[in-house]
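Asker: Have a look at the structure that comes next, please.
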Amino acid sequence: MVVEIAPSMLAADCSRLGDECRSIAEAGAHRVHWDVMDGVFVPNLTFGPDVVAACRPLVDLPFEAHLMVVKPDELAPLYVEAGCETVLIHAETCPHLHRSLDAISETGARCGVVINPHTPASSISEVIGMIDEVLVMTVNPGFGGQRYIASVESKIAAVRAMIDASGRDIDLEVDGGITAATAPAAVAAGANVLVAGSAVFGHSEGPAIAIKELVSSV
Ligand code: DX5
Ligand code: ZN
């Protein structure tokens with residue numbers, strides 16, 4: 001299985017976001033992960049669509065928006081317009097998840113569901129036929145640099161089994177506390193996309209070495 005690396009811009013130098021996008025593209029990243037926080041669903045506030053749109057022309061990599069917001073239906077189209085090929089919404093914020101996913105697909109973007117550490121794998125079972133990606137949180141969302149929650153691995157395996165049984169081409173991404181030490185178990189459980197913030201942007205030898213270490217760890 002080919003494993004992709006999606007550096008999280010949350011850990012980038014916010015005074016130089018464009019340069020940071022270019023630097024991870026040169027370093028071999030496979031996609032750019034934008035952590036969008038509204039200060040309500042999570043106690044932190046980050047990138048608006050204009051920030052994402054300003055960085056869009058600088059690199060060829062796919063952009064994905066991870067929406068940690070209480071109003072994903074209102075905000076999702078703005079991030080598609082900003083140039084995100086994929087929009088990921090939390091199951092916990094969507095009482096009408098089927099409708100919300102449908103609306104994203106209708107824009108032409110890829111859609112995906114994110115589940116928090118406490119949210120069971122079964123919460124995606126009825127929408128597996130309409131999604132392109134599942135993101136299993138390996139920390140509680142809101143901040144970078146948190147400790148990886150290893151007990152989530154059994155859920156990663158359960159989601160992998162659901163994806164394989166569906167016969168569809170669905171990415172299984174993990175996000176939070178991913179390093180060269182934690183990635184092997186997450187990938188062994190079935191993940192094929194690794195979001196990494198601190199491990200990429202905080203590496204003392206730079207993002208290229210960081211990405212190489214992540215790729216060769218799995
Ligand atoms: C957490 C975010 C993550 C986070 C990952 O709310 O969704 O993408 O930035 O950061 P690290 O890799 O530092 O745990
Ligand atoms: Zn994220």
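Taken together, the values in this text are just the output of simple stated rules run on the coordinates, not laboratory data. If you're wondering where the values come from, they're calculated on a predicted model, not measured in any experiment. Methodologically, a virtual Cβ is constructed for each residue, glycine included, from the backbone with ideal geometry; neighbour enumeration extends over all protein chains shown.
Asker: Order by neighbour count: 155, 212, fewest other Cβ atoms within 10 Å first, most last.
Answerer: Working: 155 22, 212 16.
The fewest-first ordering by Cβ neighbours comes to 212, 155.
Asker: What share of Cα pairs, in percent, lie more than 16 angstrom apart in segment 108-218? Walk me through the numbers before you get to the answer.
Answerer: Details: 3465 of 6105 pairs.
Of all Cα-Cα distances in segment 108-218, 57 percent exceed 16 Å.
Asker: Let me ask something additional. Could you compute how fast segment 14-84 diffuses translationally, taking Rh as the Kirkwood radius over C-alpha pairs and applying Stokes-Einstein at 20 °C with viscosity 1.002 mPa s? Give it in µm² per second. Each step should come with its number before you reach the end.
Answerer: On the way: Rh = 12.5 Å.
Translational D for this selection: 172 µm²/s.
Asker: Across every pair of different alpha-carbon atoms, what Kirkwood hydrodynamic radius in Å does segment 134-176 reach?
Answerer: Details: mean 1/r = 0.0897 Å⁻¹.
For segment 134-176, inverting the mean 1/r across all distinct Cα pairs yields 11.1 Å.
Asker: Next question, about the same structure. Can you give me the P(r) profile for segment 75-163? Cα pairs, bins 10 angstrom wide beginning at 0, each as a whole percent.
Answerer: Pairs per bin, as whole percents: 16, 47, 32, 5.
Asker: If you don't mind, another one. Run the dipole for segment 149-215 about the Cα centre, Lys and Arg Cβ at +1, Asp and Glu Cβ at -1, nothing else charged, and hand back the magnitude in debye, nearest 20.
Answerer: Working: 4 positive and 8 negative charges, 21 e Å.
Computed charge dipole of segment 149-215: roughly 100 debye.
Asker: Whole-Å semi-axes of segment 173-217's equivalent ellipsoid, largest first, each the root of 5 times a Cα gyration tensor eigenvalue?
Answerer: Values: eigenvalues 62, 21, 12 Å².
With the √(5λ) rule applied to segment 173-217, the semi-axes are 18, 10, 8 Å.
Asker: Return the calculated 222 nm mean residue ellipticity for the chain, to the nearest 500 deg cm²/dmol, obtained by summing -39500 (n - 2.57) across DSSP H runs with n ≥ 4 and dividing by the residue count. Intermediate results must be reported in sequence, preceding the final value.
Answerer: Values: 8 runs with 73 residues, N = 218.
Result for the chain, helices only: -9500 deg cm²/dmol.
Asker: Could you list the residues of segment 117-134 with an amide nitrogen less than 19 Å from a label point located 7 Å from the Cα of residue 102 in the Cα-to-C-beta direction?
Answerer: Hits in segment 117-134 for residue 102 at 19 Å: 124-133.
Asker: What is the projected area of the convex hull of the Cα atoms of segment 44-87, averaged over all directions, in nm²?
Answerer: Working: hull surface 12.0 nm².
About 3.0 nm², averaged over all directions.
Asker: Let me ask you something else. Calculate the all-directions average of the projected area of the chain's alpha-carbon convex hull, and give it in nm².
Answerer: Values: hull surface 42.2 nm².
If I average the Cα hull's projected area over directions, I get 10.6 nm².
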